[in-house]
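Inspection log for the structure reproduced underneath, given as structure tokens.
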Amino acid sequence: MIVDGKAIAESIYAETRALVLACPHPPVLAAITCNPNFETRKYLELKKTKAARVGITLRVIELPETATTDEAVSCIKAVVHQVDGVVVQLPFPAHVDRETILAAVPVEKDPDGFSYGKSEKACLPPVVGAMAEIARTHGITFENKNVVVLGEGRLVGKPVAFYLRQVGAKVTVLTEADTSPHFVLKAAEVIISGIGAPHFVTKDMVKEGIVVFDAGTSEDGGLVVGDVRPDVAHQAALFTPVPGGIGPITIAILLRNLVNLVQR
């Protein structure tokens, strides 16, 4: 089964549009970016278009490349009282402390769920929410499953591993320091990857009937590709392609998270 992320996203947009109509006011989301490159600008335009479809206004606030950590935090603190949610659109320049600016977004205004695992009020981060939505749609359960998470990054690995443990999975996290990934992956029932290494996982690493959630994206030969080779899909019970799998769902989850924050 190859997952159609766009179809799942469309159902979430329809649900979110109905929720927006029941809100006390049209929700407003602020996206704070710093010296955005071409890819970031395109992604923000996509977010703005998707937000408008469901009745949400996305305001983009662009900081100069010279902005300091303190200036970024001050911007967040000034904006947060004017909107229903704030997203910090990474990446920021290296001289800006990422953790400090993310921590400046209050949990009640954070549709990205950066406080997930630290606060019970936090939203499910969009990648985690997308994975959970795919699992629900296709009848996949994680309880007592041997799940391998590739990477322990802030956006995928850490929140995914936390979520899986919460729902009763047996979780193993593999990092770059691990020297025997083939052995661990071969025993997995579910693999979730977010390392951004083109086609790192190959058919010989996994067993028949594997469930694959590929949340890694990178460029290879001018194309956007995932961490898992596409031909792994032939022996997978469920496979999320890149592009077209988890990616389209994350924006839909982000917008639904915002509406849920408004309703709270």
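Observations, loosely collected:
- Accessible-area value, T69, 1.4 Å probe, nucleic acids and ligands omitted, Å²: 30 Å²
- Compared with the alpha-carbon gap, the fully stretched path from E62 to H81 is longer by 5.1 nm at 0.36 nm per residue.
- Tail weight of P(r) past 19 Å, computed on alpha-carbon pairs of region 127-264, percent: 48 percent
- Ordered by 1.4 Å accessible area with all protein chains kept, R264, R256 run largest first as R264, R256.
- Of the residues M1, N260, G196, the one whose Cα sits farthest towards the positive end of the charge dipole of the chain is N260 (charges of +1 on Lys and Arg Cβ, -1 on Asp and Glu Cβ, taken about the Cα centre).
- Backbone N within region 223-264 under 12 Å of label point (7 Å from M1 Cα along the Cβ vector): 237-240
- Candidates G209, I246, G168 compared by Cα position along the dipole of region 111-264: farthest toward the positive end lies G168, with charges placed on Cβ.
- Residues C23 and V167, FRET efficiency given R0 of 30 Å [Cβ-Cβ distance, rounded to 0.05]: 0.55
- In nm, spacing of pseudo-spin labels at E152 and A14 (7 Å Cα→C-beta vector): 4.2 nm
- Dipole moment magnitude, nearest 20 debye, region 145-255 about Cα centre, only Lys, Arg, Asp, Glu C-beta charged: 420 debye
- With Cα atoms defining each centre, region 225-250 and region 176-224 are spaced 10 Å apart in the structure.
The values are calculated or read from the model by the stated rules, or taken from the named source; none is laboratory data. Since the structure is predicted, the reported quantities are computational estimates derived from the model, not experimental observations. Cβ coordinates were reconstructed from backbone atoms using ideal geometry, including for glycine residues, and neighbour counts include every protein chain displayed. When the accessible area is computed, the model is the full protein with side chains, heavy atoms only, and any ligands, DNA or RNA have been set aside. Shrake-Rupley method; radii C 1.70, N 1.55, O 1.52, S 1.80 Å.
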